[in-house]
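What follows is a single structure, written as C-alpha cells, with notes after it.
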Amino acid sequence: MKDTPGWASPGSAPSDGQEPGASGPAEPTDRPGTAQPADQAAPDQQNPGAPNPGAQSPTPQWSKQQPPPAQWSAPTGPGGPGQAAPPPPPPGPGWGTQPPAGPGGYGPPGYGAPGPGGPPVYGRPGYPAWGGGGWGGPPPAAKPGVIPLRPLGVGEILDGAVSTMRTYWRTVLGISLTVAVITEIVVVLLQGFALKDGTSTDALNDPSATLSELTRAMGDAMLNSGVVFLISLIGTITATALLTTVTSRAVLGKPVTTGEAWRDARSQLLKLFGLIFLLLLITFGVVLVGALPGILVAVAGNSEAGTALAVLGILGTGVLALWLMVRFSLASPALMLEKQSIVKSMSRSAKLVRGSWWRVFGIQLLAMIIANIIAVIIVIPFSLFGAALNGGVTVFLNGGGDLGWSYLIVSGIGSVIGSMITFPITAGVTVLLYIDQRIRREALDLDLARAAGVQGYGPDTPGS
C-alpha cells in the first residue's frame with residue numbers, strides 16, 4: 001500500500017485488513033457458518049492433499065437483506081450505542097489554523113455566505129479573508145513614524161511630508177517661519193534701499209526706447225532678480241538643512257526640537273551651501289556652453305543667425321542641465337544624513353537615481369507644482385492688496401509705477417506665509433524620496449525598524 005498522501009475519492013482507498021487488488025469486501029468473522037469446525041480441519045492437517053467435502057466455500061455468505069447504500073449509522077463512542085463519539089480536539093494556534101465552522105459546517109460565519117441577492121461571497125464579515133488575520137498572508141509593514149517602512153508610492157511620499165508638518169507642527173513651522181522672516185526682511189530692505197535707487201526698468205515698457213536703454217533696463221532687472229534669488233536660495237538651503245533632520249526623525253517616530261535640529265545640521269551647513277552653489281555653477285556652465293556658439297556668431301556680425309543658434313544651443317544644453325539636476329537632486333539629504341563630503345554626496349545621489357530618473361523627476365516636479373500653487377494662492381492676494389495701498393492695482397498689473405514701502409511690506413508678509421507652508425513640503429518630499437530609494441536598493445527599512453525599536457527586527461541600532 002502506498003503511504004504517499006494525496007487526494008482520492010471517498011471509498012476508493014483500500015480498507016484495513018484488505019490487500020490492494022482484492023475484488024470484494026473482507027469476509028466477516030462473526031457470521032455463522034464461516035468458521036471451520038475442528039473435526040473438519042483435522043483431516044486437512046493429517047492429509048493436506050486430500051479433498052475435504054465438508055469444507056465451506058470461500059465465497060462469503062452474506063445475508064440477502066442488506067441495508068441500502070449510504071445509510072450506515074455513525075460509529076458509536078466509547079460509551080456504548082446511541083452515544084456519539086467526542087469531537088476531536090481543536091487544533092493549536094499557528095499558521096494554517098482553520099477558522100471555526102459556521103452554519104452548515106462549511107466554514108466560519110460568513111465564509112462563503114451568500115451575498116445580498118447574489119451568489120456566495122468569499123470573505124464576508126465574520127472572518128477575515130485570505131491574507132489577513134492568521135491565514136498566512138504577508139504581515140503589514142512596520143510604521144513607527146509618518147511612513148510605513150517599505151517601498152513608498154507617490155501618494156505616501158506626499159502624505160508623509162504633510163504628516164510631518166502636521167504631527168511636529170511646532171518644530172516644522174517654527175523653523176520655516178524663522179527662516180522665512182529673516183530672508184524676507186533682507187529682501188525687502190535691499191529692494192527698498194539699494195535696488196530701488198540703483199535700478200530702473202521703465203525702458204522695458206517704453207516702445208521708443210533705444211537699444212542701449214533696453215540693454216541697461218534688462219541688466220537692472222536681471223540684477224534685481226538675481227539678488228532676490230540668491231537671498232531666497234540661502235534661506236531655502238538653511239530651511240532644507242534643518243527640516244531634513246526633522247523629517248528623518250519623524251520617519252522613526254521620534255520628535256526633535258529646533259535646537260536639536262540646529263545642532264545636528266550645523267556641522268554640515270557649509271558643505272550644503274557649497275553643494276548647492278556647485279550644482280548651480282554646473283547648470284549655468286552647461287547652458288552657457290550651449291549658447292556660446294550663437295553668441296560668437298552674433299558678435300561676428302550676423303545677429304539673426306547668432307540668436308537662432310544661441311536659442312537652439314540653450315534648448316539642447318537645457319535638457320542636459322535638467323538631467324544633471326535630477327541626477328544630483330538627492331545629494332542634499334545624502335550629505336546631511338550620511339555626513340558625506342560634497343563629491344561623495346553627489347556620487348550617492350547618482351547611484352540612487354540610476355534607473356529611476358523619470359520617477360524621481362515626476363515626484364519632484366509634482367511636489368514643486370503643488371508648492372508653487374499654494375504659494376501663488378497665498379501671495380497674490382497680499383500683492384494685490386499692497387498694490388492697492390501703493391497707488392492702484394491697475395498700475396501694478398501693467399508693470400509700471402514706483403512700488404513703495406506699503407507694497408513691499410504687505411507682499412513680504414504674503415511671501416513669509418507662503419514660504420512657511422512650502423518649505424516643509426519641498427524639503428519633506430526630497431528627504432522621503434531619498435529614504436524610499438534607499439529602501440528599494442539597500443533595504444534601509446530593516447535598519448530604520450531596528451533604530452526605531454520595532455520588535456522582531458533585532459536589537460536597537462542607534463546611528464543606523
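Nothing in this text is a laboratory measurement; each read-out follows from the coordinates by a stated rule. Computed from a predicted structure; not experimentally measured. We place every Cβ from the backbone using ideal geometry, glycine too, and count neighbours over all the protein chains shown.
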Task: Residue-by-residue Karplus 3J(HN,Hα) for the range 276-287, coefficients 6.51, -1.76, 1.60, Hz, glycine and proline x - done: 5, 5, 5, 5, 5, 5, 4, 5, 5, x, 5, 5
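Report the net charge of residues surrounding residue 441, where surrounding means a beta-carbon distance below 12 angstrom and charges are Lys +1, Arg +1, Asp -1, Glu -1. Could the numbers behind the result be given before it?
Numbers: positive: 348, 351, 354, 438, 440; negative: 436, 442, 445.
Residues near residue 441 contribute +2 overall.
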TODO: Within 10 Å, count the other beta carbons around each residue, average over each peptide in 353-362, 166-175, 184-193, and list them highest first.
DONE: 166-175, 184-193, 353-362
Task: Vicinal HN-Hα couplings computed from phi for the range 345-350 (Karplus, 6.51 cos²θ - 1.76 cosθ + 1.60; Hz; Gly/Pro x) - done: 5, 5, 5, 5, 4, 4
- [ ] Give, as a single signed number, the net charge of other residues whose beta carbon lies under 10 Å from the beta carbon of residue 145, with Lys and Arg counted +1 and Asp and Glu -1.
- [x] +3
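Around residue 364, under 14 Å between beta carbons, what's the net of Lys plus Arg minus Asp minus Glu among the other residues?
Working: positive: 327, 359; negative: 436.
Residues close to residue 364 contribute a combined charge of +1.
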